Structures are given as structure tokens and as C-alpha cells.
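Novice: The structure that follows is given in the form of C-alpha cells.
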Amino acid sequence: NVHTPALAKAHRFDEPTSVFARDVIHDLSRAPKRLSPKYFYDATGSELFEQITVLPEYYPTRTELSILRNRSRAISSIVPDGAALVEFGAGSTTKVRLLLGECRLGAYVPVDISGEFLNAQAQALRADYPGLAIHPVTADFTAAFELPEAVRDMPKVGFFPGSTLGNFEPGEACKFLKSARTILGKGARMVIGVDLEKDERTLYDAYNDTAGVTARFNLNVLHRINRELGGDFDVGAFIHRAVYNRDRHRIEMHLISKKALTAEVLGQKFSFRPGESIHTENSYKYSIDRFALLARVSGWSLLQSWTDEAGLFSVHALEA
Ligand code: AVJ
């Protein structure tokens, strides 16, 4: 069971909130303080992320969509007829719809930790693709999970767009790719989106938009702690900071305390010095070569890579 702080039990949280409580207490007790980026995505955070995807400075989503659209025939040629397409972290169905135009899938298996969002998306897709078997799976895709019995004998293709791989530390990215290989099986294929390293200004601007949506997205995790765990963060005392760490090839997002303050969550007090950071996210940026190396050490072979003309983003076809 989940070893949550005694107070969490006193609040009789449901399981997900207890896990949230345990992780927040654990991660804010570390030095330097941190929070997991998966906790950005409550209803408000998911809505703010959708707004981020259409910001002028945030090139990844529109660039990946253009690659999936312009290369859909080539990408679909690595998807065997009758395959089960397993989408890890199935957010909106925009991207899979781009593949459905060219592929004759046996089934679509969207996997996401948020069951209600998943089932709403599946319902909408069923309406548009009545002939497609859709088997939503509510699971944390970063851990092992069972594929539905109905797709057992179908060829498997993983689908992992959005450069969500970039949220993983390199070691965790390797662990995820190995886990995906085990779940999908030998001979499976994978279509994966990876944001590419580029000039620092473009990267900086994509995480520091002038409209301040990314700042609100980042700060929202403190509102979520206050809302769901009864925290008393003075959110106005924190500022969003996103910087490119060239040595580590990653954008780092932080929440910086403007002054000395104390925040209490479930009876635990966390003190902040002026300028102290909570490290809330890493977004790793790859080169084609560095991603090919990661795929190889994770047991996948790189079949083909596609990029946009400007080389901002990449989509890769892998084989297990
Ligand atoms: C959804 C994790 C790919 O890392 O670019 C967007 C999340 N964070 N703006 C990313 C995000 C700040 C996004 N991923």
C-alpha cells in the first residue's frame, strides 16, 4: 500500500491523491527541492498545456503535426495492416487521426493514467471511426501493463509522439524504451517524436512565451498542491524560470521563491531562502545521432527518421 504521511491518511485521500501527497512531501524534502512534471496535468494544467501547444513560440506541436501529415504515407508504411497501435500517454487524438488516414489498423489502444479523459477521447474517435476497434487502457505507461487480450495476435506498433520522451532523464528514457519493447514484443515497431537540439534562443522562447501561459502552467502545480493537499503556498511569491542547460542538453523549468518563506503541506513545513528553486521539469533535446544511440542501447533498431525542413523536430520509426 502507499506509505503516505499519517496526516494524508487522516484526510482519507483516494489512492491517486495519496500518491500525489507522498511524492510532493518526498520531493520537496529533497535538496534541491523538486516536483515531478507529471503533476502539472490536473484539469487546469491540461487546459494550459493545450494553450501552450498553439503559442507562436512553442514550435514542437505544430512541427510534429506537419511531419506526421506530410510524411503520413512513409510513416504508415512501417505500420503493418491489421496492427494494434498502442499510444503511450494518449492525450488528444489529433495525432493518431493523422495516421488513421493511411493505416488499416486492427485496433487502437490508447494508454493514459487519466481514465476519464481517455474514455472521452475514445468515445469521440469511435464516433468518427465506427469500424475501428478501440481498447482504452488506464495505466501509468512508464510501468509495465497488460495489453488487452483482443490484440494479442495482432502485429504491434507503439506510438509515442510529443517528445514526451524528453521529460525522462536519459536513464529513465532507456528504461521506458526497454519496457515498451517488452510490452509490444519482438518485431514490434514504434513511431516516436523527439524534439531536436537547436539554437538557445529558439529553445528559451518556447518555454518563456510572452503571453505568460508557460509561467501559469508551471505555477499551477503549486495551486494544485494547495487545492488537493490543503497546502498554503503563497503562489504569488514564486516566479517561473526556464533556462537551457547546454551541457545537459535540456530545458530546465524552475519555480523560484522571491523571498524567504515557509509553506506547509499536510503538517510538513518547507522553508525557502530568497531565490531558492523548486525544479519542476526537464525537457531533453536530442540530436538524431544521440537519439539513435539511445534507441540502440534500449534494444531498438532505427528504421527511418523524418524531420521538418528547418530541422526543428524529428519523428523516428523503430523496430524491436
Ligand atoms: C509535453 C513534456 C513534451 O517538454 O515541451 C511544454 C511540456 N513544458 N512547455 C515539453 C511543456 C513546458 C512538453 N512535453
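The values are calculated or read from the model by the stated rules, or taken from the named source; none is laboratory data. Everything quoted here is computed from the prediction, not taken from an experiment. Cβ coordinates were reconstructed from backbone atoms using ideal geometry, including for glycine residues, and neighbour counts include every protein chain displayed.
Novice: What's the total number of residues in the stretch 96-108 that are within 16 Å of P136 (Cα to Cα) and assigned to a helix (DSSP H, G or I)? Show your work before the answer.
Specialist: So in the stretch 96-108, the residues within 16 Å of P136 (Cα to Cα) come out as 96-97, 105-108.
Pick out the ones that are also assigned to a helix (DSSP H, G or I) and you get 96-97.
Here the count works out to 2.
Novice: Please indicate, with yes or no, whether at least one residue in the stretch 18-28 is closer than 26 Å to N226 by Cβ, of a type in the set (G, A, S) and outside any loop (DSSP other than H, G, I, E, B). Quick ask: steps written out before the conclusion?
Specialist: Our first condition is that a residue be closer than 26 Å to N226 by Cβ; within the stretch 18-28, this holds for 18-28.
Filter again for of a type in the set (G, A, S), leaving 18, 21.
Restricting the remaining residues to those that are outside any loop (DSSP other than H, G, I, E, B) gives 18, 21.
Yes, that holds for at least one residue.
Novice: Mind checking which residues of the stretch 112-162 are closer than 30 Å to R250 by Cβ, of a type outside the set (G, A, S) and assigned to a loop (DSSP other than H, G, I, E, B)?
Specialist: Correct list: I113, D140, F141, T142, F145, P161.
Novice: Do any helices (runs of 4 or more DSSP H) lying entirely in the stretch 42-93 carry at least 3 residues that are at pLDDT 95 or above, more than 24 Å from V137 (Cβ to Cβ) and away from the ligand (no atom under 12 Å from the Cβ), and which ones are they?
Specialist: Fully inside the stretch 42-93 and qualifying: 59-70.
Novice: What number goes with the only condition from (1) touching a Phe, Trp or Tyr at 6+ places or on another chain (Cβ under 8 Å); (2) farther than 30 Å from R273 by Cβ; (3) modelled with pLDDT of 95 or more that S29 does not pass?
Specialist: (2)
Novice: Tell me, please, whether a residue that is under 26 Å from T63 (Cα atoms) and out of contact with any Cys (no Cβ under 8 Å at 6 or more places or on another chain) can be found in the stretch 144-154. Outline the logic, then answer.
Specialist: Residues of the stretch 144-154 that are under 26 Å from T63 (Cα atoms), as a first pass: none.
So far as the stretch 144-154 goes, no, none of its residues is under 26 Å from T63 (Cα atoms) and out of contact with any Cys (no Cβ under 8 Å at 6 or more places or on another chain).
Novice: Is it the case that some residue within the stretch 154-172 is out of contact with any Lys or Arg (no Cβ under 7 Å at 6 or more places or on another chain) and acidic (D, E)?
Specialist: Scanning the stretch 154-172, I find at least one residue that is out of contact with any Lys or Arg (no Cβ under 7 Å at 6 or more places or on another chain) and acidic (D, E), so the answer is yes.
Novice: So, one more: Name the one entry in F217, F176 that is of a type in the set (F, W, Y) and within 30 Å of A107 (Cβ to Cβ). It would help to see each step written out before you state the result.
Specialist: On the way: F217 fails: within 30 Å of A107 (Cβ to Cβ).
Result of the check over F217, F176: F176.
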